[in-house]
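Only one structure is covered here, and it is reproduced in the block below.
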Amino acid sequence: MAERLFLVAAMLLTCQVVSVMSSRDYCIVGAGPSGLQLGSLLQMSNRDYIIYERGGAPGNFFYKYPRHGQLISINKRHTGKLNDEFNMRHDWNSLLTDNLDLRMTKYSKEFFPPKQSLTQYLKDFAEYYNLNIQYNTKISDITPPNAAVPGSVFGMRDQHGNTYNCKVLIMATGYSKEKKVTFPGSEHVEYYSEISVNPDDYEGLSVLILGRGNSAFETADNILPATNFVHMVGRSRVKLSWETHYVGDLRAVNNGLLDTYQLKSLDGIIERQVERLEVVKLPNGKLHLNMSDAELLDAFSMREDYDKIISCLGFEYDFSAFNQSGPHPLPHMRYTKFPHIQHTYESVQVPGLFFAGTSTHSLDFRKSAGGFIHGFRYTTRALFNLLEWRFEGVPWPSVTLSWMDMVPTIVKRINEASATYQMFSVLGDIILINDEDKTFRMLEEFPVKLLADIHRHTGWNGTRIIVMLFEYGPDFSGPGKDIFRETRATGEPSEAHQSNFLHPTFYYYDKIPTEEEMNAVKAPEVLPTPSRLHHIVEDFLTEFDGPITHILTLRRFIETSLDSDLRHKLSEECFELSLTHQTPPLACQVGYLRNMGLDILSM
């Protein structure tokens, strides 16, 4: 009997220590929007992948945040256009998909949808693509491959002790670690993640909010009707998104406190470093702010005691999943809430470790939309294309066309493309010019900071190139800028270089810029000085199809860059020009003469 009990105990002990090993080519940690987006692309390419998600459903973050339930991403259901690519310019919540019914615009009629609509949408997206997701799996103890051991792979484990291996690891976890404050009395501070969202719980209270972002103003708007007053403190001035053209700054939907402050209804905003606060809890339960000697004035702005102090200082990347004893990713040197990555989305410290989604925002922080769904859905696709070439040998998607098709192709892209429109100054369309057969290769949505190594990252060669970007005017955006001034826009083609609003810009290079030239670029410039630069004048409707204002100036720029006449010719004109010119116009070479059996380009 004792022997049998010993055997049972041994079996139970064995069950506790044995772990299930899983090995994949691609492991994605996080089934949020970027993890689902990358997963769908890998799924459609039949790659060996898995997504590990610590929660029980996709988009776990959005089941809790934003705390007050309303997204601030635009859900524009109607544009007056039937073109789906164009409509994605104004749909800030949907992921990239071939299913036109799988759009967030089908899930909510609200301009700023409730978070429940997004979580249902993400669930349906995962089910539509039948994504390989392992839920309730919290990954930790990530160790990188041993560079000294051929074939070494990433290792990691979950909360149950199960271990997993993968060749390529992609972290798609966003930044979900709430920032904490440390100052005397900070133990009395409540946090955005845990506060009550019921306004009744703030009835007749005086509240101090730490922070100046959308979560701070979202919280203030929710409790304004119930409180005595709400004060808000931060180290810098309020940055308004319509001034900075950065969607992460304060949005109009959340700025009710600005009204009550400026119209003198007790609420207010104060500039002060949060770290320098000192809070004392009084016997009556009130929270009192001690003043420094320099502030010992009877009119000190925060002299009133508070009932609650709420921290709304945002989130940062959580590095705790990585084994800290060996090589592991580190924070960005300047933007410390993000991991330090290259423009390939690969960790600076750990080769083979990539990031997707919000955590890649250090590359365009306060410059473009890479920290938000309507931006990182495109950078995630760019990451996928980079992975496809590097690990699978599949070149960057491209199309090859005749020079005669260049202007129409460009006009179509600048009037429809959503990736370059949303990820302005970051993703661009690249034209590789072939002089031998008068053709060009178009690579869409390429990270322009990788331009110097375009062959290494895409598999395509080229010397002469044209880069197409969307840009704002360099001096138009910023806190305090008067972006509503009467002279805010121009409509004159001759003043296109002075355009302020988002508009297409073209960089022509006789040869691809070098790494040194790329590294020498200083803000607000995006790329090195080109051989030739062209701006298409901004347009109120963002429709760049005016025959004279937009297309004619573009054609002349392209013709000058190619040193070729791209005007179309009638057959009669081609016949006459063939008799009177040694080299007829290109339109005649690729059209009339080729149809007549004379292929001059191949001679």
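The values are calculated or read from the model by the stated rules, or taken from the named source; none is laboratory data. Everything numeric in this text was worked out from a predicted model, so none of it was measured. Don't worry about glycine lacking a Cβ; one is built from the backbone with ideal geometry, like all the others, and counts go over all protein chains shown. Remember, those area values only see protein heavy atoms, side chains included, never the ligands or the DNA or RNA. Shrake-Rupley method; radii C 1.70, N 1.55, O 1.52, S 1.80 Å.
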- Kindly express, to the nearest 10 degrees and within the range 0 to 90, the angle between helix 373-392's C-alpha long axis and the longest C-alpha principal axis of the chain. 70
- Query: To the nearest 10 degrees, how steep is helix 406-416 against the longest Cα principal axis of the chain, on a 0 to 90 scale?
  - Reply: 30
- The long-range amide H neighbours of residue 445, using H built 1.01 Å from N in the peptide plane and a cut-off of under 5 Å, are 428, 429, 430
- Note on the structure: Going residue by residue through region 47-54, the Karplus relation 6.51 cos²θ - 1.76 cosθ + 1.60 with θ = phi - 60° gives ³J(HN,Hα) values, rounded to whole Hz and with x marking Gly or Pro, of 7, 7, 9, 8, 10, 9, 10, 6
- Item | Principal-axis tilt of helix 33-44 within the chain, Cα atoms, nearest 10 degrees | 50
- Item | For region 326-377, alpha-carbon Rg and Dmax in angstrom | 10.6, 35
- Treating only the Cβ atoms of Lys and Arg (+1) and Asp and Glu (-1) as charged, compute the dipole magnitude of the chain about its Cα centre; round to the nearest 20 debye. 1000
- Report, to two decimal places, the Cα Rg of region 235-345 normalised by 2.2 N^0.38 Å (N = number of residues). 1.48
- Task: For region 449-470 and region 37-85, write down the distance between their C-alpha centroids in whole Å.
- Result: 29
- For region 450-603, which whole-number percentage of the solvent-accessible area (1.4 Å probe, protein heavy atoms only) is attributable to carbon and sulfur atoms? 51
- So the compactness index of the chain, its C-alpha Rg divided by 2.2 N^0.38 Å, takes the value 1.13
- Message: Rolling a 1.4 Å sphere over the protein heavy atoms, what is the accessible area per residue of the chain, to the nearest Å²?
- Response: 48
- Item | Karplus (6.51, -1.76, 1.60) ³J(HN,Hα), θ = phi - 60°, over region 220-227, in Hz, Gly and Pro reported as x | 4, 4, 5, 9, 3, x, 9, 8
- Item | Among 467, 493, 480 the positive-end extreme of the charge dipole of region 465-506 (Cβ point charges) | 480
- Which whole-Hz couplings ³J(HN,Hα) result when phi for each residue of region 482-487 is put into the Karplus expression 6.51 cos²θ - 1.76 cosθ + 1.60, θ = phi - 60°, listed in order with x for Gly and Pro? 8, 7, 9, 4, 4, 9
- Query: Kirkwood hydrodynamic radius of region 442-570 from all distinct Cα pairs, in Å?
  - Reply: 16.3
- Could you point to the residue in 409, 566, 348 farthest towards the positive end of the chain's charge dipole, with +1 and -1 charges on the Cβ of Lys/Arg and Asp/Glu respectively? 348
- Message: Checking a compactness column here: for region 100-255, what do you get for Rg(Cα) / (2.2 N^0.38 Å), N being the number of residues?
- Response: 1.44
- If you roll a 1.4 Å probe over region 218-318 with all protein chains in place, what percent of the accessible area is carbon or sulfur? 48
- Over the alpha carbons of region 59-149, what is the largest minus smallest coordinate on each principal axis, giving the biggest first in Å? 58, 32, 22
- Query: How large, in percent, is the carbon and sulfur part of the accessible surface of region 327-437 at a probe radius of 1.4 Å?
  - Reply: 57
- Sequence of 575, 484, 544 when ordered by accessible area, the most exposed leading, probe 1.4 angstrom: 484, 575, 544
- Query: Counting GluC sites (Glu not before Pro) as exposed when in a DSSP loop with at most 12 other beta carbons within 10 Å, what is the longest stretch of the chain free of them?
  - Reply: 204-435
- Express in Å², to the nearest 10, the accessible area of residue 509 obtained by rolling a 1.4 Å probe over the protein heavy atoms while all chains stay in place. 10
- Cα centroid distance between region 550-586 and region 318-348, in Å? 53
- Note on the structure: Among 442, 380, 140, the residue whose Cα sits farthest towards the positive end of the charge dipole of the chain (+1 at Cβ of Lys and Arg, -1 at Cβ of Asp and Glu, taken about the Cα centre) is 140
- Net charge near residue 542 (other residues with Cβ under 12 Å of its Cβ; Lys, Arg +1; Asp, Glu -1) is -3
- Task: At most 16 other Cβ atoms within 10 Å and a DSSP loop assignment: could you name the chymotrypsin sites (Phe, Trp or Tyr not before Pro) in region 266-373 that fit?
- Result: 300, 319, 335
- Percentage, to the nearest whole number, of Cα pairs in region 35-101 over 20 Å apart: 49
- Estimated translational D of region 507-573 in µm²/s (Stokes, Kirkwood radius over Cα pairs; 20 °C; 1.002 mPa s): 147
- Item | Rounded to the nearest 20 debye, dipole of region 449-603 from Cβ charges on Lys, Arg, Asp, Glu | 300
- So how far, in whole Å, is the C-alpha centre of region 188-245 from the one of region 91-133? 29
- Return the long-range amide H neighbours of residue 464 (sequence gap of 5 or more, or a different chain), with a cut-off of under 5 Å between placed amide H atoms. 433
- Collect residues whose amide H, placed 1.01 Å from N in the peptide plane, falls under 5 Å from the amide H of residue 439; neighbours closer than 5 in sequence don't count. 403, 434
- The relative contact order of the chain, taking Cα pairs under 8 Å that sit 6 or more residues apart, comes to a percentage of 11
- Query: Dividing the convex hull volume of the Cα atoms of region 288-376 by its residue count, what figure in Å³ per residue is obtained?
  - Reply: 197
- Message: Loop-only trypsin sites (Lys or Arg not before Pro) in region 202-257, please: DSSP not H, G, I, E or B, and at most 13 other Cβ atoms within 10 Å.
- Response: 235, 237
